[in-house]
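Enquirer: Take a look at this one; I'll ask things after.
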Amino acid sequence: MAEREGRRERRDRRDEDREPEFADRLVAINRVSKTVKGGKRFGFAALVVVGDQKGRVGFGSGKAKEVPEAIRKATEEAKRSMIRVPLREGRTLHHDVQGRWGAGKVVMRSAPAGTGIIAGGPCRAVFEMLGVQDVVAKSTGSQNPYNMVRATFDGLRNEFSPRQVAARRGKKVSDILPAREGQPAETADA
């Protein structure tokens with residue numbers, strides 16, 4: 001009997017280890033209607049952003065007759081569509097990047113420590129769930145939350161760490177990064 005309980009406890013612990021904790025943010029909820037022969041059928045559409053606040057983030061949309069069900073569907077889709085984004089010092093982007101989706105355009109810039117998240121609406125939700133602490137973002141064009149989130153993700157997919165760039169070019173990381181103050185200039189030129 002005790003052996004069976006021990007196995008169950010180990011299995012429960014294993015399940016806890018396997019399922020990382022995600023934070024989620026409801027970005028938009030919209031009442032939609034479908035016109036049918038008898039009149040209109042109302043439903044709800046939800047847009048949710050999910051992340052572990054350590055460099056992984058995803059978004060999803062869900063539709064249902066009731067709000068909680070739409071949010072649940074959107075959250076499940078967001079967990080399935082997660083991407084990993086490399087962060088510098090775990091707090092900001094490695095380089096400036098731009099994303100587009102439809103008529104929406106989002107420009108994202110890395111920022112010094114203490115800047116905070118300077119971004120509007122849906123973009124802010126993405127950065128908070130990603131775990132970015134310092135970033136400046138400007139969205140132009142379409143203000144539709146779906147387009148803004150997709151444009152932000154388009155830009156984040158083009159975010160690369162110096163190690164990834166060096167590996168792709170077949171060089172060393174020191175060849176990719178500019179020389180820092182206080183270091184000899186010849187190491188930066190090599």
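Enquirer: Within the stretch 17-66, how many residues turn out to be surrounded by 13 or more Cβ atoms within 10 Å (Cβ to Cβ) and part of a strand (DSSP E or B)?
Expert: Looking only at that region, the number is 26.
Enquirer: Which residue is farthest from Lys54 (Cα to Cα), if the candidates are limited to the stretch 70-101 and must be part of a loop (DSSP other than H, G, I, E, B) and acidic (Asp, Glu)? So that I can check it myself, show each step before the final result.
Expert: Applying the first criterion (part of a loop (DSSP other than H, G, I, E, B)) to the stretch 70-101 yields 81-82, 85-87, 89-91, 93-96.
Retained after the next criterion (residues that are acidic (Asp, Glu)): 89, 96.
Working: Glu89: 11, Asp96: 19 Å.
Here the residue is Asp96.
Enquirer: Can you tell me which residues in the stretch 127-168 are touching a Lys or Arg at 6+ places or on another chain (Cβ under 8 Å), surrounded by fewer than 20 Cβ atoms within 10 Å (Cβ to Cβ) and in a helix (DSSP H, G or I)?
Expert: Residues satisfying the conditions are Glu128, Asp154, Ala166.
Enquirer: Restricting attention to the stretch 141-157, does a residue exist that is out of contact with any Cys (no Cβ under 9 Å at 6 or more places or on another chain), under 17 Å from Gln53 (Cβ atoms) and touching a residue at least 24 places away in the same chain (Cβ under 8 Å)?
Expert: From the stretch 141-157, those out of contact with any Cys (no Cβ under 9 Å at 6 or more places or on another chain) are 141-147, 150, 153-157; that's our starting set.
In the following step, the residues that additionally are under 17 Å from Gln53 (Cβ atoms) were identified as 153, 156.
When the remaining residues are screened for being touching a residue at least 24 places away in the same chain (Cβ under 8 Å), the result is 153, 156.
Yes.
Enquirer: Quick check: is even one residue across the stretch 77-85 of a type in the set (Val, Ile, Thr), touching a Gly at 6+ places or on another chain (Cβ under 8 Å), surrounded by fewer than 19 Cβ atoms within 10 Å (Cβ to Cβ) and under 25 Å from Lys138 (Cβ atoms)? Write out each step before concluding.
Expert: First pass over the stretch 77-85, keeping only residues of a type in the set (Val, Ile, Thr): 83, 85.
Add one more test, that the residue is touching a Gly at 6+ places or on another chain (Cβ under 8 Å), and what stays is 83, 85.
Narrowing further to those that are surrounded by fewer than 19 Cβ atoms within 10 Å (Cβ to Cβ): 83.
Among the residues that remain, those that are also under 25 Å from Lys138 (Cβ atoms) are: 83.
Yes, because at least one residue in the stretch 77-85 is of a type in the set (Val, Ile, Thr), touching a Gly at 6+ places or on another chain (Cβ under 8 Å), surrounded by fewer than 19 Cβ atoms within 10 Å (Cβ to Cβ) and under 25 Å from Lys138 (Cβ atoms).
Enquirer: Still on this structure: Just the residues that are at pLDDT below 95 and aliphatic (A, V, I, L, M), please, taken from the stretch 33-56.
Expert: Within the stretch 33-56, Val36 is the sole residue that qualifies.
Enquirer: Same structure, new question: Considering each of Gly116, Gly120, Gly104 in turn, give the residue that is closer than 23 Å to Val48 by Cβ, surrounded by fewer than 20 Cβ atoms within 10 Å (Cβ to Cβ) and not hydrophobic (A, V, I, L, M, F, W, C).
Expert: Gly120
Enquirer: For the structure I just gave you, tell me whether Val85 is within 21 Å of the chain's Cα centre (by Cα) and modelled with pLDDT of 95 or more.
Expert: The answer is no for Val85.
The values are calculated or read from the model by the stated rules, or taken from the named source; none is laboratory data. Keep in mind that this is a model prediction, so the values were computed, not measured. With ideal geometry, Cβ positions are generated from the backbone for all residues, glycine too; neighbour counts draw on all protein chains shown.
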